[in-house]
Amino acid sequence: MNFQVIGWTDYENDAYPMHSGDFGAVDRAVVEAIRAGGFRFGGDTHQSGAPCTPVLNDGTRACYSFREWGYLMAEAYELRLGDDWDYMAWYMDIQKELDGETLILPPAGVDKARIVARSELCEEFSVPVSPAALNAVRRGAKTKEILTKENGFERVCKGDVLCFTCGEVCRVRVTKTEDFASFDALFKGSEWDSERELRRRKRMISCALYAGCDAEQLYRSLSARFPDGGSGFSTVVFSFVRVR
């Protein structure tokens, strides 16, 4: 989804509904807006009543926790703590003010003329695949694919189109996405520690796009590449239907 920040409002302003889902794409838009404007403020200011909550071009507002906002600021300014973003650097503004750092807040107001229907924000993404995978999609398989940030698919959301390519192109529309903190969480974790849930997750990656590569084999391959379990790589599972 081609989300963009078109203005800033206060955290509780219900004139703009709170955005739900799509946060891979929304986060990217907010980070780009922070960088472009040079804004510098913490999670407490984001929630405090000042016009520091971004409004998107679908007419919704993006609300975050203190910690989530700290992550966005850290990513925008590439502030690291070890291998992760240093979210505590902008968790709250108190220490910044004590250190004499100037906060830079966005201008209040929203360009309402730029609000459009969600359908107008849909994007298409090219996904190179093997001949076997392309044939499976052509046959109408409701295939699911694992993609991560390293492959540049942060913006894919429900409603977007994936163009599977292998000489020819087969277009499918995303009907559902499921996000996991890492591939380790997808393969091993379960909020309810349910065998049924774990089996469901394994079926997500036992699909036509990984023909001949069972779940355990794929897990071993990924584990060899990322010994930390893939932390730092957002893992998204896409469900889709063929576009007629």
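Kindly state, to the nearest 0.05, the FRET efficiency for Thr175 paired with Ser130, given R0 = 25 Å and r defined as their beta-carbon distance.
With a Förster radius of 25 Å, E is 0.65.
Ile6's amide H: which non-local residues (gap 5+, or another chain) put their own amide H closer than 5 Å, with H modeled 1.01 Å from N in plane and none for Pro or chain starts?
Residues meeting the criterion, in which the H sits 1.01 Å from N, are Val55, Leu56, Asn57.
Which FRET efficiency, nearest 0.05, do Ser20 and Ser239 yield, Cβ-Cβ r, R0 25 Å?
0.85
I'd like the FRET efficiency for Arg225 and Val116, computed as 1/(1 + (r/R0)^6) with the beta carbon distance as r and R0 of 35 Å, rounded to 0.05.
So the FRET efficiency works out to roughly 0.30.
Measure out, as a whole number of angstrom, how far apart the alpha-carbon centroids of the stretch 40-110 and the stretch 1-36 sit.
Computed from Cα coordinates, the inter-centre distance equals 12 Å.
Given labels modelled 7 Å from the Cα in the Cβ direction, how far is it in nm from Met88 to Asn2?
With each label point 7 Å from Cα toward Cβ, the separation is 4.1 nm.
For the stretch 5-119, with only Lys/Arg (+1) and Asp/Glu (-1) charged at the beta-carbon, what is the dipole magnitude about the Cα centre, in debye rounded to 20?
Result for the stretch 5-119 is approximately 420 debye, rounded to the nearest 20.
Every number here is computed from the coordinates shown, using simple stated rules; none is lab data. These figures come from a predicted structure and were not determined experimentally. Quick reminder, even Gly has a Cβ in these numbers, built from the backbone with ideal geometry, and neighbours come from all protein chains shown.
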